[in-house]
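So the structure is just underneath, and the comments pick up after that.
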Amino acid sequence: MNALILVDIQYDFCPGGSLAVPEGDEIVPIANRLQKKFDLIVATQDWHPRGHGSFASTHGKPPYEVVFINGSPQTLWPDHCVQGTHGAELVAALDRARIARIFQKGTDPRIDSYSGFLDADHKNSTGMADFLRAHHVNRVYLAGLATDYCVKYTALDAAQLGFEAFVVQDACRGVNLHPGDSEEAIREMKVAGVHIVRSASNPKTRKGEKR
């Protein structure tokens, strides 16, 4: 079965948010239309405690500087998607009526989590993979924010975990801290076996298989 994963469509990642993705709000109507093609829809939600280790303010450094945390490089971000704040909420324009479950990530203050499946160290799971398998999902489509971070890492982990992964490119937008970051993310995903499609494409089904 196919499932749609809506990645981090939250106020802080849309225009006016603390970590706004350019044109991030433009994907919402596309995501709403996509939902009609799927029997199972899940969402991810960045859900950071205050003082998260990925926040520049936690280290007294400017945003977007790179530091090492537990031996791994970490881009420092403006405070965003703090638990219980308006910025952390899924945007009101997103149709949530058919979302079966929301998986929160980035809850451990010691480590970041771009992927909706696993923390950055791949030691802690959100439970999304088990949920999808329990619903006999073998193919996932991703839409959301941002192409070059949370969408990319969620797609890469999906492929690594054995799902056939598709990224709906026009239903995503990138941060693009550096010019070309989104294009590079698309290349990385393709190399890893992730399919890049458009929203006008119909989800693939194999003969005799339920959508």
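Here, each number is a calculation from the coordinates, and none is a lab measurement. All figures in this text were calculated on a predicted structure; none of them were measured in a lab. Here Cβ is always computed from backbone atoms with ideal geometry, including for glycine, and neighbour counts include all displayed protein chains.
Relative contact order (percent) for the chain, with alpha-carbon contacts under 8 angstrom and 6 or more residues of separation?
On the way: 456 pairs, mean separation 50.8, N = 211.
Relative contact order here is 24 percent.
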Please list the three semi-axes, largest first and in whole Å, of the ellipsoid equivalent to segment 36-82, using sqrt of 5 times the eigenvalues of its alpha carbon gyration tensor. 29, 12, 9
Can you tell me the alpha carbon radius of gyration of the chain divided by the globular rule-of-thumb value 2.2 N^0.38 Å? 0.96
Along Cα→Cβ, 7 Å out, is where each label goes; now give me the distance between the ones at SER57 and ARG98 in nm to one decimal. 3.8
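May I ask for the Rg/Rh ratio of segment 87-211, computed from Cα atoms with Rh as the Kirkwood radius, given to two decimals?
Details: Rg = 14.7 Å, Rh = 15.5 Å.
Ratio value, two decimals: 0.95.
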Charge dipole (debye, nearest 20) of the chain; +1 at Cβ of Lys and Arg, -1 at Cβ of Asp and Glu: 1020
Test of understanding: what is the full-extension gain from SER18 to ILE69, defined as 0.36 nm times their sequence separation minus their Cα-Cα distance? 16.1 nm
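What percent antiparallel are the DSSP beta bridges of segment 6-119, to the nearest 5? Write down the numbers at each step before the final one.
On the way: 5 of 15 bridges.
Taking every DSSP beta bridge with both residues in segment 6-119, the antiparallel ones total about 35 percent.
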